[in-house]
Amino acid sequence: MKATNQSAAALPLVLWCIMFLAGLVVLGGGLVNRWLEGESLAQRKFIARQMALSGVAVGLNPAIQADSPLLRSGSPDSEGYEVTITGESGRINPNHWVAESNRAVFQRLFESWGHDLDTSEAAIDALVDWIDGDDFPSAKGAEREEYEAAGRPGYPTNRPLSNVREMESVMNLREILMTRGGWKDYFTIWHTGPLDIHDTPDWMLADLAGFTPRQVETIIEFRAGADRIERTADDQKFPSIEAVEALTAADPRQSQALRGFFSTSGGVGIRRIESTGFCNGATHRIVVIGRQDGGGRILSWQEQ
């Protein structure tokens, strides 16, 4: 009778052990699966980066035009890359416009992003203080005392921006930039001068010049020529800003922006190469700024 009681008592313990071991097996299987998935994702990301690098190598070739079939390879569902080539002279260089004491270009841009004049002025003042060589704060700006009070000793740099990402560190300006996805694409440090109307992206034509979608389309269609592909042999050039005004039937505010911020002088041979590599759902993006002449010398390299 005693042995029977011991057997009955042992049975729940055996069942519990079996359930415990089964749980360990299930848990272990899940961990292994997650590990395998992680390894697979890491491998796919690695391959995607290699694909993006291949695209950069193609895009840096000065003989490659935007309609070249070499700019696309493979499929996003498998492995490959896709490259876009644009000019860098259609973006705002903050160093240039601050040196020119031209605040209007920033005011117009920030206004189109939905910010009021006071917010914009505080951001512009802080940007001026960051770039200029003195320690005297602008009316709504920030110099060393303000940065130290915010726990950021050693700022501002009091020199021109060395890269676009540095703008995130400027007091008052960061708050504006963080409200605009893709804000880095609006700026450059490589082109000095007014924006070349032939290289200006569609979103910049809309935000900075205030053009309607139809007016933007009209400009791009003219630039692209008969094949409707920009940066190819049949591209057309505007002879003057007045020609842009006439083609778009620009209103007075749009004309003011065109004459104040844009030119038709042509770019300076600087390419912006955006290469996206992919591998079974994983992607990797590389943005390279390089000179079109001189063997495709690289000026800037960013990976995302």
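A Cβ distance below 6 Å, combined with a sequence gap of six or more or placement on separate chains, defines the contacts here; from the stretch 128-151, residues that are β-branched (Val, Ile, Thr) reach residues that are buried (at least 16 other Cβ atoms within 10 Å of the Cβ) and assigned to a helix (DSSP H, G or I) in the pairs Val128/Val98; Ile131/Val98. For the stretch 231-251, the count of residues that are buried (at least 19 other Cβ atoms within 10 Å of the Cβ), within 25 Å of the chain's Cα centre (by Cα), farther than 23 Å from Phe106 by Cβ and polar (S, T, N, Q) is zero.
Out of curiosity, is Arg214 under 22 Å from Ile92 (Cβ atoms) and of a type outside the set (Asp, Glu)? Here the answer is no, as Arg214 does not meet what is asked. Of all residues in the stretch 170-182, those satisfying the criterion of being crowded, with 16+ Cβ neighbours inside 10 Å and more than 12 Å from Pro94 (Cβ to Cβ) are Met171, Asn172, Ile176, Arg180.
Let's see how each residue does on (1) modelled with pLDDT under 95; (2) under 20 Å from the mean Cα position of the chain (by Cα); (3) not assigned by TED's automatic domain parsing to the domain that holds Arg174:
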{"position": "Asp77", "(1), (2), (3)": "yes, no, yes"}
{"position": "Glu82", "(1), (2), (3)": "no, yes, yes"}
{"position": "Trp97", "(1), (2), (3)": "no, no, no"}
{"position": "Val105", "(1), (2), (3)": "no, yes, no"}
{"position": "Leu117", "(1), (2), (3)": "no, no, no"}
{"position": "Ala122", "(1), (2), (3)": "no, no, no"}
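Asp207 meets all of the listed conditions (1) under 21 Å from Phe110 (Cα atoms); (2) at pLDDT below 95 but one, namely (2). Scanning the stretch 64-93 for residues that are among the β-branched types (Val, Ile, Thr) and over 14 Å from Ile273 (Cα atoms) gives a single hit, Ile92. Considering every residue within the stretch 109-125, establish whether at least one is under 25 Å from Thr200 (Cα atoms), among the charged types (D, E, K, R), in contact with a strand residue (DSSP E or B) (Cβ under 8 Å, 6 or more places away or on another chain) and surrounded by 14 or more Cβ atoms within 10 Å (Cβ to Cβ). No - not one qualifying residue is present in the stretch 109-125. Residues of the stretch 53-93 being touching a residue at least 24 places away in the same chain (Cβ under 8 Å), of a type in the set (D, E, K, R) and either in a strand (DSSP E or B) or in contact with a helix residue (DSSP H, G or I) (Cβ under 8 Å, 6 or more places away or on another chain) (or both), which ones? Across the stretch 53-93, the qualifying residues are Glu79, Glu82, Arg91. Given the criteria in a helix (DSSP H, G or I), of a type in the set (D, E, K, R) and without any contact (Cβ under 8 Å) to a residue 24 or more places away in the chain, does Glu168 qualify? It is true that Glu168 is in a helix (DSSP H, G or I), of a type in the set (D, E, K, R) and without any contact (Cβ under 8 Å) to a residue 24 or more places away in the chain. Scanning the stretch 133-157 for residues that are hydroxyl-bearing (Ser, Thr, Tyr), part of a loop (DSSP other than H, G, I, E, B) and crowded, with 16+ Cβ neighbours inside 10 Å yields Ser138, Tyr155. Scanning the stretch 210-232 turns up no residue that is part of a helix (DSSP H, G or I) and either on the phi > 0 side of the Ramachandran plot or in contact (Cβ under 8 Å) with a residue 60 or more places away in the chain (or both).
The values are calculated or read from the model by the stated rules, or taken from the named source; none is laboratory data. Every value quoted in this text rests on a predicted model; they were computed, and no experiment measured them. A quick note on method: Cβ atoms are made from the backbone with ideal geometry, for glycine too, and the neighbour counts reach across all protein chains shown.
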